[in-house]
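Read the structure below first, then the notes.
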Amino acid sequence: MPGRRRPGVMSEALKYELADELGVGDIVRREGFGEVTSRNCGNLVRKAIERAEKTVSPKQ
């Protein structure tokens with residue numbers, strides 16, 4: 001079924017928050033996530049995973 005996408009796991013607010021933390025928030029707001037470099041997209045994913053791990057795993 002072309003054109004059908006699954007809903008995203010991350011909220012839009014979290015995506016923009018992570019983009020701001022990496023310093024690419026202005027690019028995302030102006031041109032969209034499609035204009036973020038592959039390296040920065042990978043960094044966004046890494047940050048999201050780190051954030052999720054902190055939320056899920058108890059502090060030791």
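The values are calculated or read from the model by the stated rules, or taken from the named source; none is laboratory data. Predicted, not measured: the structure shown is a model, and the values here were computed from it. Neighbour counts are summed over all protein chains in view; Cβ atoms, including those assigned to glycine, are modelled from backbone coordinates with ideal geometry.
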Read through the list (1) among the basic types (Lys, Arg); (2) surrounded by 10 or more Cβ atoms within 10 Å (Cβ to Cβ); (3) at pLDDT below 90, then give the number of the only condition that Arg4 fails. (2)
Tell me, yes or no, whether region 37-46 has at least one residue that is outside any helix (DSSP H, G or I), in contact with a helix residue (DSSP H, G or I) (Cβ under 7 Å, 6 or more places away or on another chain) and β-branched (Val, Ile, Thr). no
Restricting to region 1-32, give me the number of residues that are farther than 17 Å from Thr55 by Cβ and acidic (Asp, Glu). 4
From the options Lys59, Lys54, residue that is more than 11 Å from the chain's Cα centre (by Cα), at pLDDT below 90 and outside any helix (DSSP H, G or I): Lys59
